[in-house]
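**Student:** Pasting in a structure now, in structure tokens, and then I'll have a few things to ask.
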Amino acid sequence: MWRAWRRERQLAKVKPGDGSALKPHRLWHIPTRSVFRIELPDEDGVEHEYSVDVDYFDWDDTTRFYRDGREQFVAESPAAFPVPGGVVEVATGTFGVTRMHHVPDGGGGEQVLRPVRNSGEYWRAVAGHRYPRLSRWVGRVAIAVLAVGLVFFVPQLLELVTSWDVVAERVGTFTSPFSLPGWLSTTLFVAGIAASLERALSLRNHWLLDLDTWLLG
């Protein structure tokens, strides 16, 4: 029920596009833009290419959706774009794309869209294919770094919030059990950003680690 409600809410945000052509993705777009694609047949069995263009410097979080290279829909992220037999669900976070899945009607059989060549996600996927063992270890280290950051930064956030008078009067104050030296706090912060970027480029997402990403952002 929750998922159906969420999908309806996301579909309601979708607006018609202007039919403009999809701009090619260049190597220098890696820090600012990602494009993903998938081929799907229509009701008559004719295959069409659907593309999602995410511009990280768009302050309105507008995601553009293309069919055969022409803008079909636009919507503010997170969004669900209708396609034959299902939807394409898109969501972005502080450090990149957190969801880019084709979801068939009825659920099940979800498929991640392919990143286009020369995108950051593409090169991360290439590295994962060429060096699978190293890729797995990098992913595990990223999880460990974010988990450690979560342990240290959540108590500090609680201490900050409960120091506000309006909160302290209602629930009291909280003192973090951790007091990190400046160099260690900075190291964890930088490592957390690197780990969050790794997770985003790999299109991996977890609600608890996302909390850590939000704290770092």
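The values are calculated or read from the model by the stated rules, or taken from the named source; none is laboratory data. Computed from a predicted model, the values in this text were never measured in an experiment. Don't worry about glycine lacking a Cβ; one is built from the backbone with ideal geometry, like all the others, and counts go over all protein chains shown. The area values use the complete protein model at the heavy-atom level, side chains included, leaving out ligands, DNA and RNA. Shrake-Rupley method; radii C 1.70, N 1.55, O 1.52, S 1.80 Å.
Condition check ((1) under 25 Å from Arg3 (Cα atoms); (2) of a type in the set (Asp, Glu); (3) open to solvent by 20 Å² or more (accessible area, probe 1.4 Å); (4) in a strand (DSSP E or B)) across all residues:
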site: Ser34; (1), (2), (3), (4): no, no, no, yes
site: Leu40; (1), (2), (3), (4): yes, no, no, yes
site: Tyr50; (1), (2), (3), (4): yes, no, no, yes
site: Val54; (1), (2), (3), (4): yes, no, no, yes
site: Arg64; (1), (2), (3), (4): yes, no, yes, yes
site: Glu71; (1), (2), (3), (4): no, yes, no, yes
site: Ala75; (1), (2), (3), (4): yes, no, no, yes
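**Student:** Of all residues in the range 170-207, count the ones that are closer than 14 Å to Val145 by Cα, open to solvent by 60 Å² or more (accessible area, probe 1.4 Å) and in contact with a helix residue (DSSP H, G or I) (Cβ under 7 Å, 6 or more places away or on another chain).
**Tutor:** 1
**Student:** Among Val126, Val167, Val148, which is the only one that is over 18 Å from the mean Cα position of the chain (by Cα), exposed (fewer than 15 other Cβ atoms within 10 Å of the Cβ) and on the phi < 0 side of the Ramachandran plot? Explain how you work it out, then say what you get.
**Tutor:** On the way: Val167 fails: exposed (fewer than 15 other Cβ atoms within 10 Å of the Cβ); Val148 fails: exposed (fewer than 15 other Cβ atoms within 10 Å of the Cβ).
None of the others qualify; the one that does is Val126.
**Student:** May I pose another question? Any residue in the range 104-116 that is farther than 24 Å from Pro24 by Cβ sitting within a Cβ distance under 8 Å of a residue that is open to solvent by 40 Å² or more (accessible area, probe 1.4 Å) and of a type in the set (Gly, Ala, Ser)? List the pairs, counting only those 6 or more apart or interchain.
**Tutor:** Cβ pairs passing all conditions: Pro104/Gly85; Asp105/Gly85.
**Student:** Related question: Residue check: is Phe81 open to solvent by 40 Å² or more (accessible area, probe 1.4 Å) and either closer than 16 Å to Ala195 by Cα or aromatic (Phe, Trp, Tyr) (or both)?
**Tutor:** Numbers: open to solvent by 40 Å² or more (accessible area, probe 1.4 Å): no; either closer than 16 Å to Ala195 by Cα or aromatic (Phe, Trp, Tyr) (or both): yes.
Against the criterion (open to solvent by 40 Å² or more (accessible area, probe 1.4 Å) and either closer than 16 Å to Ala195 by Cα or aromatic (Phe, Trp, Tyr) (or both)), Phe81 does not qualify.
**Student:** Looking at this structure, is Ser51 in contact (Cβ under 8 Å) with a residue 12 or more places away in the chain and either over 19 Å from Ala21 (Cα atoms) or small (Gly, Ala, Ser) (or both)?
**Tutor:** Numbers: in contact (Cβ under 8 Å) with a residue 12 or more places away in the chain: yes; either over 19 Å from Ala21 (Cα atoms) or small (Gly, Ala, Ser) (or both): yes.
For Ser51, the condition - in contact (Cβ under 8 Å) with a residue 12 or more places away in the chain and either over 19 Å from Ala21 (Cα atoms) or small (Gly, Ala, Ser) (or both) - is met.
**Student:** Could you tell me how many of the residues in the range 129-145 are open to solvent by 40 Å² or more (accessible area, probe 1.4 Å) and more than 30 Å from Leu180 (Cα to Cα)?
**Tutor:** Qualifying residue count, the range 129-145: 6.
**Student:** Out of the residues in the range 92-115 that are hydrophobic (A, V, I, L, M, F, W, C) and buried (at least 19 other Cβ atoms within 10 Å of the Cβ), state the one that is nearest to Thr62 (Cα to Cα). Explain how you work it out, then say what you get.
**Tutor:** Narrowing the range 92-115 to residues hydrophobic (A, V, I, L, M, F, W, C): 95, 97, 100, 103, 112-113.
Now narrow it down to the ones that are buried (at least 19 other Cβ atoms within 10 Å of the Cβ): 95, 97, 100, 103, 113.
Details: Phe95: 16, Val97: 13, Met100: 14, Val103: 20, Leu113: 18 Å.
In this case the residue turns out to be Val97.
**Student:** Within the range 132-150, identify whether any single residue is in contact with an Asp or Glu (Cβ under 8 Å, 6 or more places away or on another chain), not small (Gly, Ala, Ser) and not in a helix (DSSP H, G or I), and answer yes or no.
**Tutor:** So the first thing to find is which residues in the range 132-150 are in contact with an Asp or Glu (Cβ under 8 Å, 6 or more places away or on another chain), and the list is 138-139, 142, 146-147, 149-150.
In the following step, the residues that additionally are not small (Gly, Ala, Ser) were identified as 138, 146, 150.
In the following step, the residues that additionally are not in a helix (DSSP H, G or I) were identified as none.
Scanning the range 132-150, I find no residue that is in contact with an Asp or Glu (Cβ under 8 Å, 6 or more places away or on another chain), not small (Gly, Ala, Ser) and not in a helix (DSSP H, G or I), so the answer is no.
**Student:** Could you grab me the full set of residues in the range 3-23 that are loosely packed, with under 11 Cβ neighbours inside 10 Å, more than 14 Å from Pro82 (Cβ to Cβ) and either within 20 Å of the chain's Cα centre (by Cα) or acidic (Asp, Glu) (or both)?
**Tutor:** Arg3, Asp18
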